[in-house]
Amino acid sequence: MTGSSAADDKATAPGSSGPSPRHVAIIMDGNGRWAASRGLPRSAGHKEGTAAARRAVEAARDLGLKYLTLYSFSTENWRRPASEIRDLMSLLRQFIGDELPTLKREGVRVTIVGDKKSLEPEIKLLVGRAEKETAANSAFFLQIAFNYGGRDEIVRAARQLATDAAAGRIKPGAIDEAMFSQSLDTSAIPDPDLVIRTSGEKRISNFLLWQAAYAEYVFLDVLWPDFDAAHFARALEDYHARERRFGGVGAAP
């Protein structure tokens with residue numbers, strides 16, 4: 001399914017005249033600055049960021065979306081202080097522990113994308129549990145990018161295809177964009193139509209490098225812990241105002 005950019009199967013967002021994107025991905029940025037501006041430890045910002053993630057899931061569903069990806073922990077985040085990493089891991093445990101019953105009940109399917117092999121055994125079991133217990137759900141798809149890096153994902157996919165080719169399972173000449181997409185962590189869902197980044201920074205930060213090739217980007221000045229349904233709706237309004245051409249030409253003026 002990934003690699004698709006067609007406009008089919010899209011809902012119309014409340015208050016808009018055009019179709020809503022099927023898949024929105026969010027770079028959740030600004031937890032540390034939110035905490036620093038209030039004289040609080042960074043852990044307080046991450047805790048509030050978790051609450052914002054919960055609001056984002058609710059808002060996405062209310063706005064008629066089907067797929068949401070949240071960038072929660074990158075492969076580069078391991079460079080942060082050990083105490084902060086412990087806090088982030090603790091928040092992941094708390095988020096899954098607190099939210100999993102609700103997500104299951106409401107038909108949300110949870111998928112974790114990223115390098116899961118290098119995670120601590122406890123975290124690996126936790127994310128595996130979330131995926132297993134929601135695997136049959138299809139009302140809404142929540143994808144959490146954890147220990148994720150776009151370049152790392154592409155390298156892992158290329159390595160797997162090279163291994164398959166060397167073993168004779170596939171022919172090198174048969175490798176195309178569709179096959180490569182199916183080798184990525186995100187093969188189960190469509191590519192994002194819209195990528196939102198909070199905090200005012202205007203970088204893609206190694207996020208969904210392959211999948212977001214034709215995504216629209218919206219950069220918001222709000223720090224992630226303050227992100228709410230109104231900010232989400234505003235980003236969708238910006239999206240609706242754009243003309244997506246996918247390398248073609250637009251409508252005549």
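Selection of first residues in the stretch 74-100 that are aromatic (Phe, Trp, Tyr) and of second residues that are assigned to a helix (DSSP H, G or I), restricted to Cβ pairs under 9 Å at least 6 apart or on distinct chains, gives the following pairs, ordered by first then second residue: TRP78/ILE85; PHE95/THR50; PHE95/ALA53; PHE95/ARG54. Find all pairs meeting these conditions: Cβ atoms under 6 angstrom apart; at least six residues apart or on different chains; first residue within the stretch 210-234 and over 20 Å from ARG54 (Cα atoms); second residue hydroxyl-bearing (Ser, Thr, Tyr). Partner pairs satisfying both residue conditions: GLN211/THR186; TYR214/SER5; GLU216/TYR239.
Summed over the stretch 87-108, the residues that are within 18 Å of ALA51 (Cα to Cα) and of a type in the set (Lys, Arg) give a count of 1. Among the conditions (1) in a loop (DSSP other than H, G, I, E, B); (2) hydrophobic (A, V, I, L, M, F, W, C); (3) out of contact with any helix residue (DSSP H, G or I) (no Cβ under 6 Å at 6 or more places or on another chain); (4) surrounded by fewer than 17 Cβ atoms within 10 Å (Cβ to Cβ), the only one that MET179 does not satisfy is (1). Only one of PRO14, PRO21 is modelled with pLDDT under 95, surrounded by 21 or more Cβ atoms within 10 Å (Cβ to Cβ) and in a loop (DSSP other than H, G, I, E, B). Can you tell me which? It is PRO21. On the given criteria, is ILE154 of a type outside the set (Gly, Ala, Ser), assigned to a helix (DSSP H, G or I) and in contact (Cβ under 8 Å) with a residue 12 or more places away in the chain? So ILE154 fits the description; yes.
Restricting attention to the stretch 105-116, the residues being within 19 Å of the chain's Cα centre (by Cα) and without any contact (Cβ under 8 Å) to a residue 40 or more places away in the chain number 5.
Scanning the stretch 24-46 for residues that are assigned to a helix (DSSP H, G or I) and basic (Lys, Arg), we see that the one that is modelled with the highest pLDDT is ARG33. The residues in the stretch 184-209 that are outside any strand (DSSP E or B) and crowded, with 19+ Cβ neighbours inside 10 Å can be counted, and the count is 12.
Restricting attention to the stretch 78-86, does a residue exist that is of a type outside the set (Phe, Trp, Tyr) and closer than 30 Å to ALA241 by Cα?
No, that holds for no residue.
Within the stretch 131-176, the set of residues being of a type in the set (Ser, Thr, Tyr) and touching a helix residue (DSSP H, G or I) at 6+ places or on another chain (Cβ under 9 Å) comprises THR134, TYR148.
The values are calculated or read from the model by the stated rules, or taken from the named source; none is laboratory data. Every value quoted in this text rests on a predicted model; they were computed, and no experiment measured them. Here Cβ is always computed from backbone atoms with ideal geometry, including for glycine, and neighbour counts include all displayed protein chains.
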